Structure formats: structure tokens, C-alpha cells
Amino acid sequence: MGLLRGKEWTFDTVASTYEKEYTIKRIEDPDEKAQIVTEVLQDLPAWFGLPESTKSYIEEARKLPLWGASYNNEIIGFVTLKESSLQSLPV
């Protein structure tokens with residue numbers, strides 16, 4: 001849970017800001033995860049331009065906890081969590 005413009009929200013809450021609809025929700029389906037990650041990474045060729053590395057990111061995302069972000073029903077981003085130790089969980 002966090003605060004957005006003074007209102008409490010969770011990752012499954014729709015936040016309305018200046019009449020713009022942002023949605024962040026947890027994605028469980030591995031195929032949907034892969035689709036979201038593919039769409040976002042393809043829009044960032046300067047950062048994710050190596051096909052083999054990009055394919056690896058997409059395949060790994062299928063197994064990780066993932067939250068997708070959308071704006072007016074269009075995917076705009078995602079967050080994955082990967083446990084690297086008992087003390088940390090990189091975002």
C-alpha cells in the first residue's frame with residue numbers, strides 16, 4: 001500500500017489523476033506476462049536492442065511476480081520482482 005496524491009492505494013487499485021485512468025494490477029498468466037514485457041521492451045530498442053538478451057528477459061518474466069501498468073487500457077510499463085537473497089528483492 002502507498003499514497004498517491006494523498007489517497008491510499010494498493011497495486012490492485014485504479015488511480016484516477018486529472019481524469020486520466022492509470023491501472024496497476026498483478027499479472028498471473030505467463031503468456032500475458034510475456035506479452036506485456038515484449039510490448040514494453042520493443043518500445044525501448046536503445047536499451048533492449050540485443051535480441052538474445054531481450055528474449056532472455058521475456059522468458060524470465062514468465063516465472064517472476066509481475067505487475068502491469070496501463071493508461072487508458074494501453075500497457076505503459078511493468079515491474080517484476082526477483083529474489084536475489086533473503087535480505088533483498090530487486091525491483
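The values are calculated or read from the model by the stated rules, or taken from the named source; none is laboratory data. Not measured: the values here are computed from a predicted model. All Cβ positions, glycine included, derive from the backbone under ideal geometry; neighbour counts span all protein chains shown.
Hey, can you tell me all the residues within segment 61-76 that are surrounded by 14 or more Cβ atoms within 10 Å (Cβ to Cβ) and either charged (D, E, K, R) or in contact with a helix residue (DSSP H, G or I) (Cβ under 7 Å, 6 or more places away or on another chain) (or both)?
The answer is Ala61, Arg62, Leu66, Gly68, Ile75.
Of the numbered conditions (1) in a helix (DSSP H, G or I); (2) modelled with pLDDT of 95 or more; (3) surrounded by fewer than 15 Cβ atoms within 10 Å (Cβ to Cβ), Glu52 fails exactly one; give the number of that condition.
(2)
Provide a single number: the residues in segment 26-46 that are among the charged types (D, E, K, R), part of a helix (DSSP H, G or I) and either within 13 Å of the chain's Cα centre (by Cα) or under 13 Å from Tyr57 (Cα atoms) (or both). Can you show your working first?
From segment 26-46, those among the charged types (D, E, K, R) are 26, 28-29, 31-33, 39, 43; that's our starting set.
Checking which are part of a helix (DSSP H, G or I) leaves us with 31-33, 39.
Still in the list and also either within 13 Å of the chain's Cα centre (by Cα) or under 13 Å from Tyr57 (Cα atoms) (or both): 32-33, 39.
Here the count works out to 3.
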